[in-house]
Each structure stands twice: as C-alpha cells, then as structure tokens.
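Working notes, structure below.
Just so you know, all these numbers are worked out from the coordinates, no wet-lab data involved. Bear in mind the structure is a predicted one, so any value in this text is a computation, not a measurement. Note that each Cβ is placed from the backbone with ideal geometry, even for glycine, and that neighbours are counted across all protein chains shown.
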Amino acid sequence: MSGDIAVSVHGVKKSFVTAHHVHPVLHGIDIDVAAGDLTYLVGASGSGKTTLVSIMAGILTPSEGTVKLFGTDIFAMDHRHLVDYRLSHIGFIFQQYNLIPTIDAAANAAVPLIARGVNRHDALAAGNRMLERLAIGDQAAKYPHQLSGGQQQRVAIARALVHDPRLVICDEPTAALDARSGRRVMDLLHELAVGEDRACVIVTHDNRIFDFADRILVMEDGLITHDGKEVPVEEDMDGTA
C-alpha cells in the first residue's frame, strides 16, 4: 500500500429484499484501500462489484458492516451530512452516465460545484476546463442526446473530477471508449484522482487498462477471491457487475 488508508470496508454485507425473497449480494467484505493507489475491482457479471463501490460511495447502505472514508464513518452520518460529504469528497462515474438530459455538457460537468453552491459562472467555467482536458471542449454546448456514447462517458468523467474529490469511484469508465481515448482517460484519472491524500477505485473488465492498476481485487459471488498486482489467468473477466 502506498499511504494512509483512504477507504476502510469491514464486515460489509448487502442483501436486496423483494416481496418474497432476500437476495444476498455481498457476504462479508473486508478491504483497506490506500491513498495513492489505483485499485481495480474485476470479476464476472453479478459478482457484486457495482454494489460494493456504490456502498463505498455512500449511494447504497450496507445491510451490515462499516465503511470509513479517510477515517470518517459515512453511515454514522444523517442523510443531509452524508450528501454534503459526498459532494465535497467523492466523485462517481456511473456506467450508464446518468447525465441530465435538459442541460448541456458544460452544465452537466459542473453539477457537483453548482450543488455545493459555487457561483454558476465559475462552476460552468470549471466544467468547460475539465471538458477541454478530456478533449471534448468543442461539445460543451451540446445536450446529452446530441453526443455519442463515448462523448457522454467523458462528460460523466468530467463531472466526477470537476470538484477535485479525494475519492473517485468509477464503474467501467473506458467501456464505451476506443483504446486511445481509454488510455487518455486513465492518464487523467491517474493524474487527478491518485495522490498522497486521495485514491481511485475502478470497476472494470477492460484488460487494455490493467497495466495502470496498483492493485487488482477479484470478486466472485460477493466475496474477494484474489488480491494482487495482476489478474489470475484462469479468471473470467467477461461481463459487468
């Protein structure tokens, strides 16, 4: 590990309850993610990767266990304080982008700053700068439906990075990108989302970017089954969480 603990997950279980069934997804996860590390979560579809990172980000609540981000127990907070904490410290790149269809790309990129009360002019300027860094500054005035899938994904990445979060969590950030664009995104994530006081956790099955990882965790059936620098050759990485 490279530095202090950025994310500490202990005893985390998660089940989803329907009218007639309880569906266990996570069966007791223990992970410490170091600041300064680029950590990957890989595994076959349905292994629990997206559920785990959603809990790390405070989007889902665990059924059992604790999650501490930089020493703060996020689920000990009330809802309002958790939302404020996420706006200040966490950036999340959703696999389905989750862009707001009624505003343009620059405004979508600026959403975390606007939500924190930053002056709209300054927030939009920051959103535009981040789009420029992702090589889509010329698309800033377009609405999501006018963008390709890869362009929408880069807007989602800009939104996750614009407020300089300490923890960036990404769900398949390169899935819709060609190899060159994917590596450009990974270079930017490594530059902006990894450091002495910050960390990045990425869900991926894109083996084109495995060489960027400091640490690779393999998930299977709601458990961590491997922890190392490389993916075991026998693992099937096809699919998404």
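What residue among Val22, Val155, Val111 shows peak mean-square fluctuation when the chain is described by a Gaussian network model with Cα springs under 10 Å?
Val22
Between Arg208 and Gln146, what is the label-to-label distance in nm when each label sits 7 Å out along the Cα-to-Cβ direction?
For Arg208 paired with Gln146, the spin-label model returns 2.7 nm.
How much of the DSSP bridge set in the chain is antiparallel, in percent, rounded to the nearest 5? Walk me through the intermediate numbers first.
Numbers: 23 of 40 bridges.
Counting DSSP beta bridges with both partners in the chain, the antiparallel share is about 60 percent.
So what's the angle, to the nearest 10 degrees on a 0 to 90 scale, between helix 79-89 and the longest Cα principal axis of the chain?
It is inclined by approximately 70 degrees.
Would you calculate the separation in nanometres between label points at Tyr85 and Lys13, each defined as 7 Å from the Cα along the Cα-to-beta-carbon direction?
2.3
From the backbone phi of the range 163-178, what are the Karplus-calculated ³J(HN,Hα) couplings (6.51 cos²θ - 1.76 cosθ + 1.60, θ = phi - 60°) in whole Hz, Gly and Pro given as x?
Running phi through 6.51 cos²θ - 1.76 cosθ + 1.60 with θ = phi - 60° gives 9, 6, x, 7, 10, 10, 10, 10, 10, 6, x, 10, 4, 9, 10, 6 Hz.
Neighbour counts of other C-beta atoms within 10 Å: give me Val194, Val118, Val7 arranged from fewest to most. Could you put the intermediate results ahead of the total?
On the way: Val194 20, Val118 17, Val7 23.
So the residues, fewest neighbours to most, are Val118, Val194, Val7.
Could you give the spread of the C-alpha atoms of the chain along their three principal axes, from largest to smallest, in whole angstroms?
Here the Cα extents, ordered largest to smallest, are 45, 42, 42 Å.
Assuming R0 = 41 Å, can you tell me the calculated FRET efficiency for the pair Glu132 and Leu223, based on Cβ-Cβ distance, to the nearest 0.05? List each step's numbers first, then the result.
Values: r = 42 Å, r/R0 = 1.02.
For R0 = 41 Å, the calculated efficiency reads 0.50.
In deg cm²/dmol, rounded to 500, what helix-only [θ] at 222 nm does the chain give when every DSSP H run of at least 4 residues adds -39500 (n - 2.57) and the total is split over its residues? Please report the intermediate quantities before stating the final value.
Numbers: 6 runs with 72 residues, N = 241.
Per the formula, -9500 deg cm²/dmol.
At what distance in nm do the modelled label points of Ile100 and Asp73 sit from each other, each positioned 7 Å from its Cα along Cα→Cβ?
For the pair Ile100/Asp73, the computed spacing is 3.4 nm.
For the range 210-225, take each phi angle, set θ = phi - 60°, evaluate the Karplus expression 6.51 cos²θ - 1.76 cosθ + 1.60, and give the result in whole Hz per residue in order, putting x for glycine and proline.
Couplings: 4, 5, 7, 6, 7, 7, 10, 9, 9, 10, 8, 6, x, 9, 7, 10 Hz.
Normalised by the residues of the chain, what does the relative contact order come to in percent, with Cα pairs under 8 Å and at least six apart?
Working: 509 pairs, mean separation 70.7, N = 241.
Worked out over the chain, it gives 29 percent.
Quick one: helix 149-161 against the long Cα principal axis of the chain, what's the angle to the nearest 10°, folded into 0 to 90?
Tilt relative to the chain: about 80 degrees.
Taking the Cα atoms only, what angle lies between the long axis of helix 105-115 and the longest principal axis of the chain, rounded to 10 degrees?
The helix 105-115 is inclined about 70 degrees to the chain.
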